[in-house]
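Peer 1: I'd like to ask you about the structure that follows.
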Amino acid sequence: MPASQIRRAQQHLSMPWKNGGGVTHELAVSPPGAGFDDFVWRASIAEVNRDGPFSVFGGIDRTLVLLDGAGFTLYLDQTEQHNLDLPYQPFRFSGERAVSAHLRDGPTRDFNLMIRRAQARGRLDIERGPDAADLDAEVALVYCERGTVDLSFNSNATTDRLRHGDLLQIDPAETGLWHMQPSTDAILLVIRITPLISPGASL
């Protein structure tokens with residue numbers, strides 16, 4: 001069996017934002033058990049229910065993706081404005097920036113990828129069904145936002161199926177190839193992580 005893990009939607013850990021201004025549902029963090037101050041990368045889903053400031057994360061590159069709701073307007077350092085109102089359109093910014101959000105029409109839900117830039121690089125891609133694909137070695141996470149995706153490992157029969165809210169976290173030390181077959185209506189968030197640390201060190 002592969003060493004990678006599948007986490008179901010009901011298994012995600014809920015906690016307050018770093019600044020206490022909202023609720024975040026942690027999907028995966030590296031290294032396991034890391035907190036806000038010592039993670040290398042972290043993937044989560046935030047519930048934004050009111051206007052207010054985002055948490056500040058020095059040394060972190062952030063990517064947001066609107067999942068549900070009308071979205072919000074971001075004000076960055078009081079010099080830049082960005083409307084996060086189109087679903088599945090990643091927006092990247094530096095965690096050091098002073099960011100506040102103004103809801104456009106009620107609560108929203110967004111995916112949040114954070115990567116410590118001194119230790120790793122990352123990319124978030126939106127992939128849609130129904131085309132099958134093999135996952136390259138840099139893929140760390142596959143999050144199923146809509147539809148389903150059937151997974152197999154090393155050309156074996158189907159290993160499992162991801163549904164809405166489920167996540168595949170791939171062990172970087174694993175030897176093998178994951179294959180995915182999304183449903184026609186599937187929307188997947190695929191996260192690739194490239195470590196910048198010395199060989200043999202563990203994320």
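The values are calculated or read from the model by the stated rules, or taken from the named source; none is laboratory data. These figures come from a predicted structure and were not determined experimentally. Note that we place each Cβ from the backbone using ideal geometry, even for glycine, and neighbour counts take in every protein chain shown.
Peer 1: Would it be correct to say that residue 183 is outside the structural domain of residue 41 (by TED's automatic domain parsing), at pLDDT 95 or above and among the small types (Gly, Ala, Ser)?
Peer 2: Against the criterion (outside the structural domain of residue 41 (by TED's automatic domain parsing), at pLDDT 95 or above and among the small types (Gly, Ala, Ser)), residue 183 qualifies.
Peer 1: Still on this structure, I have one more. Within segment 37-61, which residues are surrounded by 16 or more Cβ atoms within 10 Å (Cβ to Cβ) and not aliphatic (A, V, I, L, M)?
Peer 2: Residues satisfying the conditions are 39, 41, 42, 44, 47, 54, 55, 57, 61.
Peer 1: Given (1) outside the structural domain of residue 44 (by TED's automatic domain parsing); (2) touching a residue at least 60 places away in the same chain (Cβ under 8 Å); (3) of a type outside the set (Asp, Glu), where does residue 108 come up short, assuming only one miss?
Peer 2: The number of the failed condition is (1).
Peer 1: Here is a check on your reading of the model: is residue 118 small (Gly, Ala, Ser), at pLDDT 95 or above and surrounded by fewer than 18 Cβ atoms within 10 Å (Cβ to Cβ)? Show your work before the answer.
Peer 2: On the way: small (Gly, Ala, Ser): yes; at pLDDT 95 or above: yes; surrounded by fewer than 18 Cβ atoms within 10 Å (Cβ to Cβ): yes.
Yes; evaluated as a whole, the condition is true for this residue.
Peer 1: On the basis of being of a type in the set (S, T, N, Q) and under 25 Å from residue 119 (Cα atoms), does residue 14 make the cut?
Peer 2: Spelling it out, it is not the case that residue 14 is of a type in the set (S, T, N, Q) and under 25 Å from residue 119 (Cα atoms).
Peer 1: Can you spot a residue in segment 88-99 that is out of contact with any Pro (no Cβ under 6 Å at 6 or more places or on another chain) and hydroxyl-bearing (Ser, Thr, Tyr)?
Peer 2: Yes, because at least one residue in segment 88-99 is out of contact with any Pro (no Cβ under 6 Å at 6 or more places or on another chain) and hydroxyl-bearing (Ser, Thr, Tyr).
Peer 1: Considering only segment 152-177, state which residues are surrounded by 17 or more Cβ atoms within 10 Å (Cβ to Cβ), under 19 Å from the mean Cα position of the chain (by Cα) and part of a strand (DSSP E or B).
Peer 2: Of everything in segment 152-177, those that are surrounded by 17 or more Cβ atoms within 10 Å (Cβ to Cβ), under 19 Å from the mean Cα position of the chain (by Cα) and part of a strand (DSSP E or B) turn out to be 162, 167, 168, 169.
Peer 1: Right, here's the next one. Exactly one condition in (1) exposed (fewer than 14 other Cβ atoms within 10 Å of the Cβ); (2) assigned by TED's automatic domain parsing to the domain that holds residue 29; (3) under 16 Å from the mean Cα position of the chain (by Cα) is not met by residue 90; state its number.
Peer 2: (1)
Peer 1: What strands (runs of 3 or more DSSP E) completely inside segment 1-90 contain at least 3 residues that are more than 14 Å from residue 101 (Cα to Cα)?
Peer 2: By residue number, 5-7, 13-16, 23-30, 41-48, 60-68.
Peer 1: Would you confirm, using the coordinates I've provided, whether residue 8 is modelled with pLDDT of 95 or more and of a type outside the set (A, V, I, L, M)?
Peer 2: yes
Peer 1: Something else now. Give me the residue from segment 153-173 that is aliphatic (A, V, I, L, M) and either under 30 Å from residue 46 (Cα atoms) or not assigned by TED's automatic domain parsing to the domain that holds residue 132 (or both) and, out of that set, modelled with the lowest pLDDT.
Peer 2: Step by step, filter segment 153-173, then rank; the result is 173.
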